[in-house]
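To start, the structure under review is shown below, and the notes come after it.
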Amino acid sequence: MDNTQTLDQLKDKYYGKVGTPERNRLENELEVLRIGYKIRTARESQNLTQEQLAERVDKKRPFISKIENDGENITLRTLYDIVERGLGGRLKITFEF
């Protein structure tokens, strides 16, 4: 018998169904980590160091490290600066209701 479960099934079991407070908290934390991962991936693909990216957006290297590694609480303005000024990308934000 196959007891394999999907990630969504495991999240439902341990954190509740989508829309519950605990599940929403988990999904929000995961989204923050994804943002840090995307920033690091973009920076590395451009062969930039954290120091170089920090200089482009008038921040310090440890700040960039914190964002990349644990999704430091980042303002939209700073996220915009990192993505657009620092990495030359375009920031698009969507909302779901």
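Of the numbered criteria (1) small (Gly, Ala, Ser); (2) closer than 12 Å to Gly86 by Cβ; (3) without any contact (Cβ under 8 Å) to a residue 24 or more places away in the chain, the one Ala42 fails is (3). Within the stretch 1-39, the set of residues being in contact with a Leu (Cβ under 8 Å, 6 or more places away or on another chain) and in contact (Cβ under 8 Å) with a residue 12 or more places away in the chain comprises Lys11, Ile35, Ile39.
Being charged (D, E, K, R), on the phi < 0 side of the Ramachandran plot and not in a helix (DSSP H, G or I) is the requirement here; does Lys92 meet it? Here the answer is yes, as Lys92 does meet what is asked. Within the stretch 1-51, the set of residues being in contact with a helix residue (DSSP H, G or I) (Cβ under 8 Å, 6 or more places away or on another chain), among the small types (Gly, Ala, Ser) and not in a helix (DSSP H, G or I) comprises Gly16 only. The number of residues in the stretch 78-97 being hydrophobic (A, V, I, L, M, F, W, C) and either open to solvent by 30 Å² or more (accessible area, probe 1.4 Å) or over 16 Å from Lys59 (Cβ atoms) (or both) comes to 4. Filtering the stretch 52-74 to residues that are farther than 22 Å from Asn28 by Cβ and not in a loop (DSSP other than H, G, I, E, B) leaves Gln52, Leu53, Ala54, Glu55, Arg56, Arg61, Pro62. Test Ile67 against the criterion of being crowded, with 17+ Cβ neighbours inside 10 Å and modelled with pLDDT of 95 or more, and give yes or no. In short, no.
To keep it simple, each residue is scored yes or no on (1) touching a strand residue (DSSP E or B) at 6+ places or on another chain (Cβ under 9 Å); (2) surrounded by 11 or more Cβ atoms within 10 Å (Cβ to Cβ); (3) within 17 Å of Glu96 (Cα to Cα); (4) at pLDDT 85 or above.
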| position | (1), (2), (3), (4) |
| --- | --- |
| Asp2 | no, no, no, no |
| Leu10 | no, no, no, yes |
| Tyr14 | no, no, no, no |
| Gly19 | no, no, yes, yes |
| Asn24 | no, yes, yes, yes |
| Arg40 | no, yes, no, yes |
| Gln52 | no, yes, no, yes |
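The values are calculated or read from the model by the stated rules, or taken from the named source; none is laboratory data. Every value quoted in this text rests on a predicted model; they were computed, and no experiment measured them. Cβ: placed from backbone, ideal geometry, glycine included. Neighbour counts: every protein chain shown. Each accessible area value is taken on the protein alone, full model and side chains, heavy atoms only, with ligands, DNA and RNA left out. Shrake-Rupley method; radii C 1.70, N 1.55, O 1.52, S 1.80 Å.
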